[in-house]
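J.: Here it is: the structure, laid out below.
The values are calculated or read from the model by the stated rules, or taken from the named source; none is laboratory data. Just so you know, these numbers come straight off a predicted model, no measurement behind them. All Cβ positions, even for glycine, are placed from backbone atoms using ideal geometry, and neighbour counts span all protein chains on display. Surface areas here come from the heavy atoms of the whole protein model, side chains and all, with no ligands, DNA or RNA. Shrake-Rupley method; radii C 1.70, N 1.55, O 1.52, S 1.80 Å.
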Amino acid sequence: MNASSPDARLVEQVLVALFAGGHVLIEGVPGTAKTLLVRVVARLFACEFKRVQFTPDLMPADIVGTNVFNPRDQSFQFRPGPIFSQFVLGDEINRAPPKTQAALLEAMQERQVTVDGVSHRLPAVFTVFATQNPIEQEGTYPLPEAQLDRFMMKVRADYPSEAEEVEVLRVHQSGIRVEDLDRFGLATVGGEPELLAAQAEIRGRTIRDEVLGYIARVVRATRENLKAEVGASPRAGLMVLTAAKARAALHGRPHVLPDDVKAVARPVLRHRLVLKPGAEVDGFTADDVLDEILSRVEIPR
């Protein structure tokens, strides 16, 4: 796979978010292997994986769990929902109503859920991957800003290149289903202890003041851009910082470069910008605004 191809960038961004301890919103049309990607990453790190299909009739209890009455001892016992997993895939998250979407808020921010006043801790390794279709809008509920802000990154699953699509056809023609991961001999690269250790090591890294200033200028420029109604918050800057550290580590470097910041800026910030109606009418997107900002903000030497 070409390192500069859309698929390679998608894989890198998902791994960066994982090592940074963040959640990921994957946007793409059906059939672009969004679910398969999460399953493969879960297999590589020997993590438990559960998939939740979001639908209009899905209730919060279907995700977090509920207390069930046990007639034997006349007591209520908590029955955990699928959120109690290391990797949770919320498929088509924008098809569920806001009340159900909100059930993920506490879990994603606090790594716990509260049912009937009792808090239940989630696994030490806990990552939410959610998917949504950018084209189909009928019967969907757009994610509110508070929910979007819980995702470290919003990444794009694009169509593969012609060569990659030919290879997919060749594998299928040989009788191997791409969903059958056992046939591909995937080797585990680590488990929960290794992943937690990597996340802690990345969080503990320090970077040069010049790069910190660069991050701050990029984030502040989103608030000053005339096309943006709402820019990125200071928390978004923290997300850029952690993601840049993770990307540097993924590339085997102990130090963060401005290129790391530029590489993570779009997936970390694109879903945190709200454009003015006039800018949207003129066809501008959040990525256009970020491209403009990254081209103008001075890069430290």
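J.: Residue under question is LEU44, and the condition is that it be surrounded by 19 or more Cβ atoms within 10 Å (Cβ to Cβ), touching a residue at least 60 places away in the same chain (Cβ under 8 Å) and under 27 Å from GLU165 (Cβ atoms); does it hold?
T.: Details: surrounded by 19 or more Cβ atoms within 10 Å (Cβ to Cβ): no; touching a residue at least 60 places away in the same chain (Cβ under 8 Å): yes; under 27 Å from GLU165 (Cβ atoms): yes.
No; evaluated as a whole, the condition is false for this residue.
J.: Anything in the stretch 138-175 that is part of a loop (DSSP other than H, G, I, E, B), of a type outside the set (Val, Ile, Thr) and closer than 21 Å to THR35 by Cβ? List them, or say none. It would help to see each step written out before you state the result.
T.: Just the residues of the stretch 138-175 that are part of a loop (DSSP other than H, G, I, E, B), to begin with: 138-144, 149-150, 157-161, 174-175.
Cutting the leftovers down to of a type outside the set (Val, Ile, Thr) gives us 138-139, 141-144, 149-150, 157-161, 174-175.
Listed by number, the residues that qualify are GLY139, TYR141, LEU143, ARG150, ALA157, ASP158, TYR159, PRO160, SER161.
J.: When you look at ASN67, is it in contact (Cβ under 8 Å) with a residue 24 or more places away in the chain, surrounded by fewer than 20 Cβ atoms within 10 Å (Cβ to Cβ) and over 26 Å from ALA33 (Cα atoms), yes or no? Give the steps one after another, and end with the answer.
T.: On the way: in contact (Cβ under 8 Å) with a residue 24 or more places away in the chain: yes; surrounded by fewer than 20 Cβ atoms within 10 Å (Cβ to Cβ): yes; over 26 Å from ALA33 (Cα atoms): yes.
The answer is yes for ASN67.
J.: Further question: In the stretch 157-181, which residues are open to solvent by less than 100 Å² (accessible area, probe 1.4 Å) and of a type outside the set (A, V, I, L, M)? Don't jump to the end; show me each part of the working.
T.: Narrowing the stretch 157-181 to residues open to solvent by less than 100 Å² (accessible area, probe 1.4 Å): 157-158, 160-161, 163-168, 171, 174-176, 178-181.
If the condition is that a residue be open to solvent by less than 100 Å² (accessible area, probe 1.4 Å) and of a type outside the set (A, V, I, L, M), then ASP158, PRO160, SER161, GLU164, GLU165, GLU167, SER174, GLY175, GLU179, ASP180 are the ones that fit.
Let's see how each residue does on (1) in contact with a Leu (Cβ under 9 Å, 6 or more places away or on another chain); (2) at pLDDT below 95:
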position	(1), (2)
GLY190	yes, yes
ARG220	no, no
PRO234	no, yes
ALA243	no, no
VAL268	no, no
VAL274	no, yes
GLY278	no, yes
GLY283	no, yes
ASP291	no, no
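J.: Please give the helices (runs of 4 or more DSSP H) falling wholly within the stretch 182-301 in which 2 or more residues are more than 24 Å from PHE19 (Cα to Cα) and open to solvent by less than 80 Å² (accessible area, probe 1.4 Å).
T.: Numbers: elements: 192-203, 209-224, 234-250, 258-269, 277-281, 286-296.
It comes to 209-224, 277-281, 286-296.
J.: Going by the conditions given, is PRO56 touching a helix residue (DSSP H, G or I) at 6+ places or on another chain (Cβ under 7 Å), open to solvent by 30 Å² or more (accessible area, probe 1.4 Å) and either under 30 Å from ASP180 (Cβ atoms) or at pLDDT below 90 (or both)?
T.: Details: touching a helix residue (DSSP H, G or I) at 6+ places or on another chain (Cβ under 7 Å): yes; open to solvent by 30 Å² or more (accessible area, probe 1.4 Å): yes; either under 30 Å from ASP180 (Cβ atoms) or at pLDDT below 90 (or both): no.
So PRO56 fails the test.
J.: Here is a further query. Do we have any residue at all in the stretch 101-108 that's closer than 18 Å to ASP62 by Cβ, in contact (Cβ under 8 Å) with a residue 24 or more places away in the chain and charged (D, E, K, R)?
T.: Pass one, the stretch 101-108, residues closer than 18 Å to ASP62 by Cβ: 101-108.
After this cut, where a residue has to be in contact (Cβ under 8 Å) with a residue 24 or more places away in the chain as well, the list is 101-105, 107-108.
Adding the requirement that they be charged (D, E, K, R) leaves none.
No, there is no match, as no residue in the stretch 101-108 is closer than 18 Å to ASP62 by Cβ, in contact (Cβ under 8 Å) with a residue 24 or more places away in the chain and charged (D, E, K, R).
J.: Also: Within the stretch 90-137, track down each residue that is under 21 Å from ILE26 (Cα atoms), assigned to a strand (DSSP E or B) and open to solvent by 70 Å² or more (accessible area, probe 1.4 Å).
T.: Correct list: empty.
J.: Kindly establish whether PHE19 is without any contact (Cβ under 8 Å) to a residue 40 or more places away in the chain, open to solvent by 20 Å² or more (accessible area, probe 1.4 Å) and either more than 18 Å from HIS271 (Cβ to Cβ) or of a type in the set (A, V, I, L, M) (or both).
T.: Values: without any contact (Cβ under 8 Å) to a residue 40 or more places away in the chain: no; open to solvent by 20 Å² or more (accessible area, probe 1.4 Å): yes; either more than 18 Å from HIS271 (Cβ to Cβ) or of a type in the set (A, V, I, L, M) (or both): yes.
Answer is no for this residue.
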